[in-house]
Amino acid sequence: MPESFLSAGNEPLSDAVLVQQVLTGRVEVFASLVDRHHAHCLRVATHLLGNADDADDVVQEAFVRAYRHLGRYRERDRFVAWLLRIVVNQCRTRVAREARYTALDPELRRGTMTAEMITSPDDGPFDRRQELAQALAQLAPDQREAIVLRFGEELSYEEMAAVTGAGVSALKMRVQRACTRLRTLLSEPLSP
């Protein structure tokens with residue numbers, strides 16, 4: 001990391017300090033925010049969308065949106081929560097767009113895993129992670145979002161509320177319903 005992105009004690013500067021530097025005209029500093037948070041955002045988007053290519057597109061769009069609206073960021077909020085809110089909203093937009101196309105032509109459905117995509121006859125039984133990915137893909141988008149944020153990202157319900165804009169009680173209900181659905185999906189044998 002360049003020296004300009006380090007404090008006097010050689011510690012990385014906080015997100016809030018880096019944002020302030022970008023807002024004062026040092027736009028090149030935004031690259032360090034991207035470097036710092038890209039992997040996290042990509043992981044969340046991939047889990048929410050079930051498709052790595054779509055997730056990569058969404059994360060790029062989210063960083064562009066974050067840069068354009070950086071003036072709206074407030075230090076009292078954690079930058080990563082603000083950024084994740086943008087990523088989640090971009091994922092929601094992508095899912096809604098895909099749903100419109102799928103309604104017109106079900107064969108256009110992307111990101112939906114099938115047994116053929118997960119295993120081949122030579123592979124033998126697939127591992128539990130692949131089974132979980134398939135089950136997650138079958139959840140309603142709001143339930144998948146809640147599960148990913150709660151258990152994948154280990155956010156508290158309050159942090160989830162800040163990211164999603166939903167109330168804590170609604171999020172608890174989504175997680176409960178998603179867990180119930182996942183238990184059912186994971187107990188059923190995969191149909192060929």
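The values are calculated or read from the model by the stated rules, or taken from the named source; none is laboratory data. The structure presented is a predicted model; accordingly, all values stated were derived computationally and were not measured. Every residue, glycine as well, gets a Cβ built from its backbone with ideal geometry; the counts of neighbours run over all protein chains shown. Heads up: the accessible areas ignore ligands, DNA and RNA and are worked out on the full protein's heavy atoms, side chains in. Shrake-Rupley method; radii C 1.70, N 1.55, O 1.52, S 1.80 Å.
Counting only protein chain heavy atoms and rolling a 1.4 Å probe, the accessible areas of Asp15, Asp57 rank, largest first, as Asp57, Asp15.
Please list Glu188, Glu61 from largest to smallest accessible area, probe radius 1.4 Å, with all protein chains kept in place.
Details: Glu188 90, Glu61 70 Å².
Largest to smallest exposure gives the sequence Glu188, Glu61.
Accessible-area rank, largest first, for Ser14, Ser32: Ser14, Ser32, with all protein chains present and a 1.4 angstrom probe. The order of the peptides 177-187, 34-44, 138-148 by mean Cβ neighbours within 10 Å, most packed first, is 138-148, 34-44, 177-187. If the chain linking Tyr67 and Asp53 were pulled fully straight, counting 0.36 nm for each residue of separation and taking away their Cα-Cα distance, it would gain 2.9 nm. Working from Cα pairs under 8 Å separated by at least six residues, relative contact order for the stretch 17-76 is 27 percent.
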